[in-house]
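Enquirer: I am attaching a structure below and will ask some questions about it afterwards.
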Amino acid sequence: MNRQQLKNAIMPYLNSGMSQAALAQHLGVKQSEISRCCLYFGITWPRQYRDQAGEKNSSYVDGLSRSSIERLTRIVLTQIGRNLHICERCGLHDPTKELPRHHKDRDRSNNTEANLEVLCTGCHSKEHMSEQIRDDLGRFT
């Protein structure tokens, strides 16, 4: 389906109360295609129909959002004096931004100082890549 066809398919549903995700499933396309089409044609999707609150939000895991985790871990680590700009594995120093925090036991609700580690993006990726499983073609499953 090209963009113009997708636009024509979207328009009758625009104010129906259907979310982009539900419409994508109904039309048999990806939600990102609908989003890109709306952006391309300047179509504003009614905000109240986005339906990405709480558990439906991709950043919401184990009852906590990504921003909540970042805030909680920042508080814990700064109170004990750990630097959020230096990787605790490779020593990379980035004074312009805070580095990601890693939960050693993978439990995002366990924000004790012993469970938290400040890692650069590279070290954090390496940590989680070890958990990934590849198929016969080398793709992650």
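Enquirer: Between Arg89 and Ile75, what is the label-point separation in nm under the 7 Å Cα-to-beta-carbon projection?
Expert: A separation of 2.8 nm, rounded to one decimal place.
Enquirer: Quick one: Tyr40, Tyr13, fewest Cβ neighbours within 10 Å first, how do they rank?
Expert: In order of increasing Cβ crowding within 10 Å: Tyr40, Tyr13.
Enquirer: Separate question: In nanometres, what is the gap between the two model label sites at Arg139 and Glu33, each 7 Å from Cα along Cα-to-Cβ?
Expert: 1.7 nm
Read-outs: derived from the displayed coordinates by stated rules, not from any lab. Note that the coordinates shown come from a computational prediction; the quantities given were computed from them, not determined experimentally. Note that each Cβ is placed from the backbone with ideal geometry, even for glycine, and that neighbours are counted across all protein chains shown.
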